[in-house]
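Structure record follows, encoded as structure tokens.
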Amino acid sequence: MSAAVVNADDELEPTLQSILDQKSLRWIFVGGKGGVGKTTTSCSLAIQLARVRRSVLLISTDPAHNLSDAFSQKFGKEERLVEGYTNLSAMEIDPNGSIQDLIGQADDGEGPAAAGGMMQDLAYAIPGIDEAMSFAEVLKQVKSLSYETIIFDTAPTGHTLRFLQFPTVLEKALAKISALSSQFGPMLNGILGANGGLPNGQSLPEMMEKLESLRETISEVNGQFKDEKMTTFVCVCIPEFLSLYETERMIQELANYNIDTHCIVVNQLLFPKAGSDCDQCNARRKMQKKYLGQIAELYDDFNVVKMPLLVEEVRGKDRLESFSEMLIKPYVPPVGGL
Amino acid sequence: MPSLLIIVFILQLTIHSVNTFGVATINSLLWTLFNMLPVPTSKAAAEQNDLKSQFLELRKEMNATSSQDEFAKWAKLRRQHDKLLEQIEKTKSTLDSTKSTFDSVVNGLRWLGLNGVRMLLQFWFQKQPMFWLPKGWAPYYAEWLLSFPRAPVGSVSIQSWSIACMAIILLVSDALVSAVGLALAPKAPSKTAEPRKAPSEEKAARAEESRSQSEKKEL
């Protein structure tokens, strides 16, 4: 287990090599404030991981999907191979939209479909449960797909934390419901009739079964998320105050949820050439240097990866690949710069 | 053993003073005194105070640190701050539960020690005369009233004596309070000095009235 590898030096290696080496990792979250390059980082990480793993799935949970944009290829709710790879797939899920699909699906089909109306009521009765349930549904789907590693390109910070909190919240709520139903189930069945039919042709036992299976999935995944051998969180930030502030907050909250995090990617670093007369660049470089110093001081037990700001947009397979190299081999800034 | 008359009087005085100072004040005073003893809660309370002062200091330092210029320092302070806050809340909740247990125990003991003893005495000595009235000093119905409920006629029962004690304590304490209030009040112009006397007189009259009323209540 190389995540625990601590170099003899004071500083940990400034790369994501530890994630590549840690074969037991199943879930990798990439998160940070909006616009710091989460998608670029997660795509790059996915490309690097695809070289050393059997199969990798990249999931975007950001409502503003950028995977299609980054790979210049359309992705949807179903996983699809990324062009040019045999073991890297990607999919985009909409945490708000998929509850509609879930309900719709249930309405179309037979059997469990009966629970549809009830599910709908439930989904709109409890705030946040729609997102949680769609998340659980996705997790269930993903689990059955047997990918070796799954990378989540998450939505901006606030969203991420809520997302990670869901399993705990939902698990509690569902445990309550299950307990209630097992207590009052017989009584309700007595009232409702032998086959437990609810008003709109729904069936209580079936609905409870569905909820129960959801709960099981969630509790299993929840356990995995809290296992540092299986899950890690990669924080992406840029050397600016607000981004750093959010990162610090996120790291503290992750610690509260017992989710492991030991990597920070500092993106969009400027490295003006020696003698550059670009005032903005030089001023910005100075500011970034200040915050880099602060990061080094504060996160001395993290792998801090420094990524430069490129002159071109990081889009398409080739550029992503060359960008991803820098996650593993530290970028060497031009000599003589500020 | 001191005379029963004195014991009853002192008991009524204590009850009155407890009611005047307020249960909460007395409880908090007892709590402070209790924490001065070498008990585990006193250690916890001291720790809590220590944590609080640490927290305030940390907060001051954090406010003095610019989060933009010295982010690392600020963030470290912030981590300490959050940790300390959590700790304080935890110790506070345990301390609070101890205090509420303490309060309920003290309340129970106080009730037993005051009202319980009063009832016990009134029950135990209900047939015993406190003292005898001179013969023919009061009409029969007054004698009967004073000896109510079970003391021999012609004597004063413990119940009557308790009520008399309470009434006189009330009267005196009211008088004292208003006297102190008068003394402490800013010197008013001489014109208003005259009508100001009236309320205290009125109060005395009211106390008198309440006394007779309370005696009537016995009926």
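The values are calculated or read from the model by the stated rules, or taken from the named source; none is laboratory data. In this text, all values refer to a predicted model and were calculated from it rather than measured experimentally. Note that each Cβ is placed from the backbone with ideal geometry, even for glycine, and that neighbours are counted across all protein chains shown. Quick note on the areas: whole protein, heavy atoms, side chains included, nothing else; ligands and nucleic acids left out. Shrake-Rupley method; radii C 1.70, N 1.55, O 1.52, S 1.80 Å.
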Subject >> Per residue accessible area of the range B:22-124, 1.4 Å probe, in Å² >> reply: 67 Å²
Subject >> Reduced Cα scattering model of the range A:298-338, Debye log10 I(q)/I(0), q = 0.15, 0.27 Å⁻¹ >> reply: -0.48, -1.02
**OP:** Kindly provide log₁₀ I(q)/I(0) values, in the same order as q = 0.20, 0.24 Å⁻¹, from the Debye equation applied to equal alpha-carbon scatterers of the range B:22-124.
**Re:** -0.99, -1.19
**OP:** For the pairs A:Lys229/B:Lys73; A:Lys38/A:Lys229; A:Lys229/B:Lys76; B:Lys52/B:Lys99; B:Lys52/B:Lys90; A:Lys38/A:Lys273, note any where the Cα-Cα span goes beyond 20 Å.
**Re:** A:Lys229/B:Lys73; A:Lys38/A:Lys229; A:Lys229/B:Lys76; A:Lys38/A:Lys273
Original post:
Roughly how many Å² is the accessible area per residue of the range A:228-274, as a whole number, for a 1.4 Å probe?
Top reply: 34 Å²
Original post:
Which residue, chosen from B:Ser66, B:Leu51, B:Leu77, occupies the Cα position most advanced towards the positive end of the dipole of the range B:22-124, where the dipole is computed from +1 (Lys, Arg) and -1 (Asp, Glu) charges on Cβ about the Cα centre?
Top reply: B:Leu51
**OP:** Compute the separation of the alpha-carbon centres of the range B:8-41 and the range B:152-169 and state it in Å as a whole number.
**Re:** 27 Å
Subject >> Separation of the A:Val169 and A:Gln252 label points, Cα + 7 Å toward Cβ, nm >> reply: 2.0 nm
Original post:
Hey, how much of the P(r) for the range B:127-182 falls beyond 12 Å, as a percent of Cα pairs?
Top reply: 66 percent
Original post:
If you take the Cα Rg of the range B:3-69 and divide it by 2.2 N^0.38 Å, with N the number of residues, what do you get?
Top reply: 2.03
**OP:** Compute the relative contact order of the range B:22-124 as a whole-number percentage, counting only Cα pairs closer than 8 Å that sit 6 or more residues apart in sequence.
**Re:** 29 percent
**OP:** Within 10 Å of each Cβ in peptide A:293-299, how many partner chain Cβ atoms are there on average? Round it to a whole number, please.
**Re:** 4
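If packing is taken as the average number of other Cβ atoms within 10 Å across a peptide's residues, how do A:234-246, A:53-65, B:121-133 rank, most packed first? Don't jump to the answer; show the numbers that get you there.
Values: A:234-246: 22.0, A:53-65: 20.2, B:121-133: 14.2.
For the peptides A:234-246, A:53-65, B:121-133, the packing ranking is A:234-246, A:53-65, B:121-133.
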**OP:** Using a 1.4 Å probe and ignoring any ligands, DNA or RNA, find the accessible area of B:Asp96 and quote it in Å² to the nearest 10.
**Re:** 80 Å²
